[in-house]
Every structure is written in structure tokens, then in C-alpha cells.
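Read-outs: derived from the displayed coordinates by stated rules, not from any lab. These figures come from a predicted structure and were not determined experimentally. Every residue, glycine among them, receives a Cβ derived from its backbone with ideal geometry; neighbour counts consider all protein chains shown.
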Amino acid sequence: SARPAPAAPGPRAAAATARAGVPGVSHIIAVASGKGGVGKSTTAANLALALASLGLKVGVLDADIYGPSMPKLFNLHDKPEIGEGRVMKPLVAHGVKVMSIGFLIEEETPVIWRGPMVMSALQQLLREVDWGTLDVLVVDMPPGTGDAQLTMAQAVPLAGAVIVSTPQDLALIDARRGIAMFKRVEVPVLGIAENMSTFICPHCGGRSDIFGHGGARHEADRLGVPFLGEIPLHMDIRETSDAGLPVVVAAPDGPHARVYKDIARKVWTALSGGAGARKAPSIVIE
């Protein structure tokens, strides 16, 4: 007699299978924020450069398809070379390998794509690139908790996420959503960094807490995740970023570079002290 057909998957059956890691890349971390305008990309660039200053081999993937910032931050504007098998070679600045959709389109050309096209582009920028051997690949995520974030969480074994927020309550509300999303897809939260933490007047030296102060530290304590540090609101960081020479390389011994390097040390300690890259999660339908 004929064998019975296999039972249909139940409602909790996995909807996606684990994806392989990126050959040669030891750890992939996401730098994310719940909302835009909190300095996430500037933080990602300086964090990558700070990790490189520790002697690590580092790359940066600009996953913000709609608003790529890495070409400006690293002052890179050439198109990537195409190697064997139509694999792109990342551009290099200050010893860090960088790939961005911004290298492939004109600077003022808007990206008007629906979700599937964004997800396909992210896969190409990640997997059709000759990254070589990297200790850490820093992924500058777009703000929010949408398709791009889920694609990265499902497609690659993220070793962890760094959440960037200002101390402002409005930003912290969205940072909570970002943390909750990463926990939901089983990506470890490496910590929260408080950007634009306080303003030091360049004329009188007085402190002004324009966006408040200490909110991200309090939120980290409340949620039980590490607090990585306070990055000040300072003209040097803005000016060096606009000039395509981030402060970690523009003034490597200065106070702002020290903040980023301290955050980098904490991140690397968390990565190297753990069990390595985790398996990509299976997405379960309730």
C-alpha cells in the first residue's frame, strides 16, 4: 500500500533556515538605532576605525540603502572594481574595507525600491564582495525595525548589535524597540552607546545637556544590557565627519577618539570572550 503523505508543517514550523556566515569574516556586528538622526553612521564609522586601531582587520558594510553615509564619512567616491566571478572589491580607507550602495549610484540619485529589491541588494553587498579575512565586519544598519533589519538578522549570523541613542526620551523609546527586535531574533545586544551625551562650550568650557544626560545609561541598567559609553556633542566630531576624516583618525590621541576606542575595546572583549559567531536564527510563525 502507498505510504501516507507526510503531515503538513504545524503553525510553529520554522519559516526560514539558518544561513551560512560570510567566508573569512569572524564576527559580524550591527550598529543600529530605533530612529534616525542620532548619529548612528558616525558612530559606526568611528567604532570601525577604533577597532582597527586595536590591530584588528575590519570592514564596514553600509546597509542603509536609502541613505548611505559611508562614502561621505570615509571620503570614498570611486566605483568598486569587479574581480573574478563578478565579485566586487571593497574600497579601502585608513586600513578599513568599505562597501556601500553609495559607490554604485550617483550621490544625489534617490533609491526608490520596494522591500524585496532592498533585501536583494543587501545580500549582494554582503556576499558578492571580496572581504578577504576580517576579524570584525561592522554593519551600519538603517534606522528602524523593518525589512532590512530582519534580512540581516535572518541572512547572516550576527554576533551582536550595538544600539546608538541620544539621552532624549523620544530617542530612547525607539531604542527600546530596536533592542526588543534584536532580542526577538536572538541577536545578542552588545550594549548601548549614548551619543550627543553632553555639549562642551568651546569658548567657556561650560557643559550643556541639550538632549538630557544619562538616559541611555539608565535604560541599559533597566534592560540589563551593557552600557558602552558617552559620546559628547562636539564640533570636532561633526567637522571631521563632514570632511571624510573621522575623529578617530583625525585626532587619534584626542578625548573623542579615546571614547570610541574605549567602546571598541568593550565590544571586542564581548566578541572575543564569547563563543564566537552565533547561528542565524530560524524565524518561527506563531
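Near the amide H of VAL25, within less than 5 Å, lie the amide hydrogens of LEU134, all on another chain or at least 5 residues away, with H placed in the peptide plane. Pop the C-beta distance of CYS204 and SER120 into the FRET formula with R0 = 41 Å and round what comes out to the nearest 0.05. Efficiency at R0 = 41 Å is approximately 0.20.
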